[in-house]
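Contents: one structure, followed by commentary.
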Amino acid sequence: MIACGGESDAPDDAGARIDAQTEIVDAGAPAADAGCDVSPEPDAVPEIAGGFDVATVDGGSNVPVATGGDPTGTWVFDEATFYVSETAATMFDREASTVGGRAWAAFDGTEARLDFEFVTTLNGTPAGTIVRPSSTQIRGTYEVDGSAIVITPACAQSSAGGAGGGGSAGGLQFSMDGDVGRLITSVSGTAGMITIVLDGTRRGTP
């Protein structure tokens, strides 16, 4: 059993991707070379409006702390913040860069289904504007351990544009306040730690 996110790749230009296909599946899980069906998809998943922030400010963490809760239900996310290190933030124009795409997650008490599709647009890099798409789908059983959601994958796949350096993810954390929810995952790579924070709402429960 492993925490959702498994092993991941993070490009050294701060355009993070979660490489679930090649790294998330442990030795006891099947290979994910034939795709990963996470249907049914929620209706009218909103477009994400997001950007970048610096993870550490004045020596302290600027990243939200997960508080836990019961994730049961279908969650759609319309906001994303990618928190990068101070070093990574010097590699591009953080305020002019954006995160788009779509993301949703469903938890029915036993099975988890996640679909994250991000497009990061990095402006002001030495190479100009860099656009990186990534797409990750995961299905499996799960358990809640405090504020962590621990997933044992039945299938997982990921595709992403561009090459990136090796890295690993720090699992999936969850917070909720009624029907408002937040998912947090951390990806380490050559640009340092990148923490992805998704904010959204619950559509309903099974």
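Every residue, every condition in (1) surrounded by 19 or more Cβ atoms within 10 Å (Cβ to Cβ); (2) out of contact with any helix residue (DSSP H, G or I) (no Cβ under 9 Å at 6 or more places or on another chain), yes or no:
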site	(1), (2)
Asp53	no, no
Ala66	yes, yes
Asp70	no, yes
Asp93	no, yes
Gly100	no, yes
Ala105	yes, yes
Asn123	no, no
Criterion: under 17 Å from Ile196 (Cβ atoms) and among the hydroxyl-bearing types (Ser, Thr, Tyr) - qualifying residue of Thr74, Thr87, Thr67, Thr98: Thr98
Which numbered condition Arg113 fails, given (1) more than 16 Å from the chain's Cα centre (by Cα); (2) at pLDDT 90 or above: (1)
If I filter the range 176-185 for residues that are small (Gly, Ala, Ser), modelled with pLDDT under 95, under 20 Å from Pro46 (Cβ atoms) and under 17 Å from the mean Cα position of the chain (by Cα), do I get at least one hit? no
Quick check, is Glu79 out of contact with any Ser or Thr (no Cβ under 6 Å at 6 or more places or on another chain), surrounded by fewer than 21 Cβ atoms within 10 Å (Cβ to Cβ) and more than 14 Å from Val45 (Cβ to Cβ)? no
Would you mention how many residues in the range 135-162 are part of a strand (DSSP E or B), surrounded by 15 or more Cβ atoms within 10 Å (Cβ to Cβ) and not β-branched (Val, Ile, Thr)? 13
Please state which of the following conditions Gly161 fails to meet, knowing it meets all the rest: (1) under 20 Å from Thr98 (Cβ atoms); (2) modelled with pLDDT of 80 or more. (2)
Qualifying positions in the range 125-154 - farther than 21 Å from Gly51 by Cα and touching a helix residue (DSSP H, G or I) at 6+ places or on another chain (Cβ under 9 Å): Gln137, Ile138, Ile151, Pro153
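The values are calculated or read from the model by the stated rules, or taken from the named source; none is laboratory data. Predicted, not measured: the structure shown is a model, and the values here were computed from it. Cβ: placed from backbone, ideal geometry, glycine included. Neighbour counts: every protein chain shown.
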